[in-house]
Amino acid sequence: MKKLSLVVPVYYEEECILQYLKETIPVLNDLDLEWEIVFVDDGSKDKTVELIKGEARNENRIKLIEFSYNQGKQAAVSACIRYAKGDYLLYMDPDLQDPPDEIPNFINEIEKGYDLVFGVRKEKVDSMINKLYSKVFWGTLNKFTGLEIPKGLAVMRIFNRKFADKFLEYSEQNRFIEGIFVHIGMNRSQIEVSQRKRFAGKSKFNFKRKMQLAFDAIFDFSELPLKLAVKLGMFFSLMGFVALLLLVILKLFFIDFELGWPSLISVIVLGFGVQLFFIGIAAIYIGKIYKESKRRPLYSIKNLTNL
Ligand code: UDP
Ligand code: MG
């Protein structure tokens, strides 16, 4: 019999975790598959770990990886995929935004022979501002990276062993998981999933964290900012050159005028701004290279349960 692993990152989810298990386990038991749930706790300091461990005592198919401290969802998911043993791996959050009753639909779809099945939201249950953010974020990302990420991507998705093994070959520190998934490609399909509101607790991704993620994603998957810098640089140099030429011609042949400090200073400031901007972009990439070159482990684990 084939095995399904649920890949579930958790971070301060004490209010959701029991309800999540209560809804999920019956669905798993009804499947014609062996199963396991692999949680990664990303350094929560509330009761999340205690609650999961409590459940794991009576059910050894519930497994837990405890991170030493908060290392981010991208690292958490990577660790989960490393430890999950299933033939199919299904990645979902425990906040019940993606309902567990959708799991059988993912199994049906992947058993048609796909390597990856993305969930796409039927309708998005979210605030106006979050919806707008998603639109701008994914829009820019598609433009910048050329990655064809499906519109309205849900968190829930399933992939097979072959796909998981390929994922584990990606060794970058700076990891944007959605990008890597699309980059792997293989045979991909998508199904529509219904959405619910977060069961309890609140989202850990505030505006600042979201912006951070957006920048990471762009710099991880695109050299466009560097190319943009070169183009802008060329544009401003040309402008400067033409302006200078015009001034000289005007002064020599047409009118006698005072060039003046203001214009001079504005040109200098403009030049400085542009230079600083380019240096900044280059610095961001250097920072990333520095981080990659240290080849640090992706995450640090302090404890394993049922693994
Ligand atoms: N999460 C994590 N590490 C973090 C932040 C979040 O593992 O540093 C987990 C969190 O427990 C949840 C998932 O990532 O399972 C998505 O977070 P959340 O539901 O807060 O984000 P949203 O769905 O609002 O984008
Ligand atoms: Mg959520």
#### Entry: Unmet requirement for Lys143, which otherwise passes all of (1) within 16 Å of ligand 1 (Cβ to nearest atom); (2) part of a helix (DSSP H, G or I)
(1)
### Summary
Every listed condition ((1) within 16 Å of ligand 1 (Cβ to nearest atom); (2) farther than 28 Å from Arg209 by Cα) holds for Arg82 save (2)
### Task
Taking Asn174 as the residue in question, decide whether it is among the polar types (S, T, N, Q), surrounded by 15 or more Cβ atoms within 10 Å (Cβ to Cβ) and at pLDDT 90 or above.
no
### Task
Would you check if there is a residue in segment 128-151 being within 16 Å of ligand 2 (Cβ to nearest atom), touching a residue at least 24 places away in the same chain (Cβ under 8 Å), among the charged types (D, E, K, R) and touching a helix residue (DSSP H, G or I) at 6+ places or on another chain (Cβ under 9 Å)?
no
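Output the residues belonging to segment 285-307 that are among the basic types (Lys, Arg) and closer than 20 Å to Ala229 by Cβ.
Here is the first cut: in segment 285-307, the residues among the basic types (Lys, Arg) are 288, 291, 294-296, 302.
Lys288, the sole residue that qualifies.
Of these, Met239, Met186, Met234, which one is at positive phi and either in contact (Cβ under 8 Å) with a residue 40 or more places away in the chain or away from ligand 2 (no atom under 16 Å from the Cβ) (or both)?
Numbers: Met239 fails: at positive phi; Met234 fails: at positive phi.
Just a single option satisfies the conditions, and that option is Met186.
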### Summary
Over segment 26-53, the set of residues in contact with a Lys or Arg (Cβ under 9 Å, 6 or more places away or on another chain), of a type in the set (A, V, I, L, M) and either free of Cβ contacts under 8 Å to residues at least 24 places away in the same chain or more than 21 Å from Tyr69 (Cβ to Cβ) (or both) is Leu28, Leu33, Ile37
### segment 32-79, subset among the small types (Gly, Ala, Ser) and within 13 Å of ligand 1 (Cβ to nearest atom), residue nearest to Gly201 (Cα to Cα)
Ser44
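Answer yes or no as to whether Phe215 is surrounded by 10 or more Cβ atoms within 10 Å (Cβ to Cβ), within 16 Å of ligand 1 (Cβ to nearest atom) and under 25 Å from the mean Cα position of the chain (by Cα). Give the derivation first.
Numbers: surrounded by 10 or more Cβ atoms within 10 Å (Cβ to Cβ): yes; within 16 Å of ligand 1 (Cβ to nearest atom): no; under 25 Å from the mean Cα position of the chain (by Cα): yes.
Answer is no for this residue.
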### Task
From Arg121, Arg175, Arg161, Arg82, grab the single residue that is among the basic types (Lys, Arg) and within 16 Å of ligand 2 (Cβ to nearest atom).
Arg121
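Going through Asp256, Asp216 one at a time, which residue ends up being part of a helix (DSSP H, G or I) and not β-branched (Val, Ile, Thr)? Talk me through it step by step, then tell me what you get.
On the way: Asp256 fails: part of a helix (DSSP H, G or I).
Exactly one residue qualifies, and that residue is Asp216.
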### Query
What tally of residues in segment 254-305 results from selecting those that are under 37 Å from the mean Cα position of the chain (by Cα) and of a type outside the set (Lys, Arg)?
31
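The values are calculated or read from the model by the stated rules, or taken from the named source; none is laboratory data. These figures come from a predicted structure and were not determined experimentally. Please note: Cβ atoms are built from the backbone with ideal geometry, for glycine as well, and neighbour counts cover all protein chains shown.
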